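One structure is given here, and the rest of the page talks about it.
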Amino acid sequence: MINAKIIGVGGYIPEKVYDNAYMESIVDTSDEWIIRRTGIKERHISADNEYTTDMATIASKRAIENAGLTAEDIDLIILATVTPDYFTPACACVVQANLGAVNAAAFDFNAACSGFVTGLTIAQKFIQTGTYKNIVVVCADVLSKATDYKDRATCVLFGDAAGAAVVSASEETGIIATDIGADGASGMAITSLAYRDDEEEVEKRISHKKDTLWMAGQAVMKFAVKTMAEASEKVLKEAGLTWDDIALVVPHQANYRIVESAIKRMGITDDKVFLNLEKYGNTSASCIPVALSEAVEAGRIKKGDKIILVGFGGGLTWGAALIEW
Ligand code: UT7
């Protein structure tokens, strides 16, 4: 079997910031509540005329440069988003054109916040079978454009970002094991409506705006803690490794309390976990690749380190990947 390895990463964070003081000015909340219940201090917000494909293009470009490749070397671009510019063309096709990645096939997929690990899993299969050599997995969302800024239970959580990785055929060990899964029966715990006419859903939203996100926070929290721990254990077991072999865990950056509870279940200490959620909040699928880029840049990940990437989100879905850097 051919190895699939991450050989480059890149992220993009928009400039505008909504800090907790700003959130206090628009909904009945407090800096103290937000920090104690989530750990978030700031979130970055896309400009009015800045969309998913704009951010995804920059993150992909950075990842390709970081990999030492050119756009022409890319065989496939897969893009995870829940806030596409268009239903068609796919955001991945827009990014392909923006990059000049003329040799790349391109498609979008939706696994919500589990998008990056799902994308790595897809990329690994195309590489292992010898179909493609260089694949861009890019995650981007403008959650701020889908946020109900009247709903204090969700608006304090979300921000915008893009994160990308180049996954390539390699002689070195890379992606060792992955586990992705879904619990569709619990799917209505996080909703964002497309064409379906669903009055009950619209009623749930404080603003009654159809195109905003709604979430049953407590239910998602319980699901997240359980699935993050179980999926991580599963990839460890598949690889025949233990937590002692793992240098760092890069989790979905949704809420500090979710991560704390999950690592307690895993039986690891927080020095093995990379967190940047206080700066960006929950940016959906891009949380993990953005955190991965920052962890590499900060020297928290060295060549040969074994790392677990683990996320959960809408669907409901989850995913974990054990990789060697
Ligand atoms: O990537 C997508 C996955 N989504 C997530 O990861 C979200 C998972 N869920 C969570 O992170 C948490 O459930 C929240 C942060 C959303 C909420 O925290 P919680 O500890 O579950 O709070 P709660 O929903 O049980 O609400 C407790 C109280 C309520 O007031 P009452 O009913 O007890 O009077 C809420 O109305 O906190 C209130 N509350 C707030 N108060 C101040 C909810 N949001 C806020 C707020 N500021 N922003």
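The values are calculated or read from the model by the stated rules, or taken from the named source; none is laboratory data. Since we're looking at a predicted model, the values are computed, not measured. Using ideal geometry, Cβ is built from the backbone for each residue, glycine included, and neighbour counts are taken over all protein chains shown. To get the accessible areas, we keep the full protein, side chains included, count just its heavy atoms, and leave off ligands, DNA and RNA. Shrake-Rupley method; radii C 1.70, N 1.55, O 1.52, S 1.80 Å.
Where does the charge balance sit around Phe158 when Lys and Arg score +1, Asp and Glu -1, over other residues with C-beta under 13 Å from its C-beta? Before the final figure, lay out the partial values.
Values: positive: Arg43, Lys145, Arg152; negative: Glu42, Asp141, Asp148, Asp151, Asp160.
That works out to -2.
Where does the charge balance sit around Ser284 when Lys and Arg score +1, Asp and Glu -1, over other residues with C-beta under 10 Å from its C-beta? Walk me through the numbers on the way to the answer.
Working: positive: none; negative: Asp141, Asp160.
Surrounding charge for Ser284 is -2.
So which aspartates and glutamates pass the test for Lys264, namely a Cα distance under 14 Å, with those fewer than 8 places away in the same chain ruled out? Once the sequence-local aspartates and glutamates are set aside, what remains near Lys264 is Glu230, Glu233.
The largest-to-smallest principal axis extents of the Cα set in the stretch 177-324 are 52, 30, 25 Å. What the Cα atoms of the stretch 3-173 give is an Rg and a Dmax of 17.4, 55 Å. Solvent-accessible area per residue in the chain equals 43 Å², computed with a 1.4 angstrom probe and all protein chains kept. The share of Cα pairs per 5 Å bin across the stretch 1-99, counted from zero up to the longest distance, runs 2, 11, 17, 16, 14, 13, 11, 9, 5, 2, 0, 0 percent. Go ahead and collect, in residue order, the members of the stretch 153-167 whose backbone nitrogen is under 14 Å from a label point 7 Å along the Cα-Cβ direction of Ala21. No residue qualifies, since no backbone N sits under 14 Å from the label point.
Can you send over the carbon and sulfur percentage of the accessible area for the chain, probe radius 1.4 Å, protein chains only? Write down the numbers at each step before the final one.
On the way: 6980 of 13850 Å².
Ligands and nucleic acids excluded, carbon and sulfur reach 50 percent.
So what is the diffusion coefficient of the stretch 6-58 in µm² per second by Stokes-Einstein at 37 °C and 0.692 mPa s, using a Kirkwood Rh over Cα pairs?
Roughly 251 µm²/s, to the nearest whole number.
Which whole-number value in Å³ per residue fits the convex hull of the alpha carbons of the stretch 62-147? Please list the in-between numbers first.
Numbers: hull volume 8.2 nm³, N = 86.
Taking the convex hull of the Cα positions in the stretch 62-147, it is 96 Å³ per residue.
How would you rank 47-60, 194-207, highest first, on the average number of other Cβ atoms within 10 Å across their residues?
Listed from highest to lowest mean packing, they are 47-60, 194-207.
Each Lys or Arg adds one and each Asp or Glu takes one away; over the other residues whose Cβ falls under 9 Å from the Cβ of Ala247, this sums to +2. Roughly how many nanometres apart are two label points built 7 Å out from the Cα toward the Cβ at Ser207 and Lys303? Between Ser207 and Lys303, the label points sit 4.8 nm apart. Taking label positions 7 Å along the Cα-Cβ direction at both Lys145 and Glu199, the computed distance is 3.0 nm, reported to one decimal. Within the same chain, aspartates and glutamates fewer than 8 places from Lys303 are excluded, and of the rest, those with a Cα less than 13 Å from its Cα are Glu172, Glu324.
Rg and Dmax over the alpha-carbon atoms of the chain stand at 18.5, 56 Å.
Run the count for the stretch 3-173, please: Lys pairs, Cα-Cα under 26 angstrom, 8 or more apart or on different chains. Count of close lysine pairs: 13.
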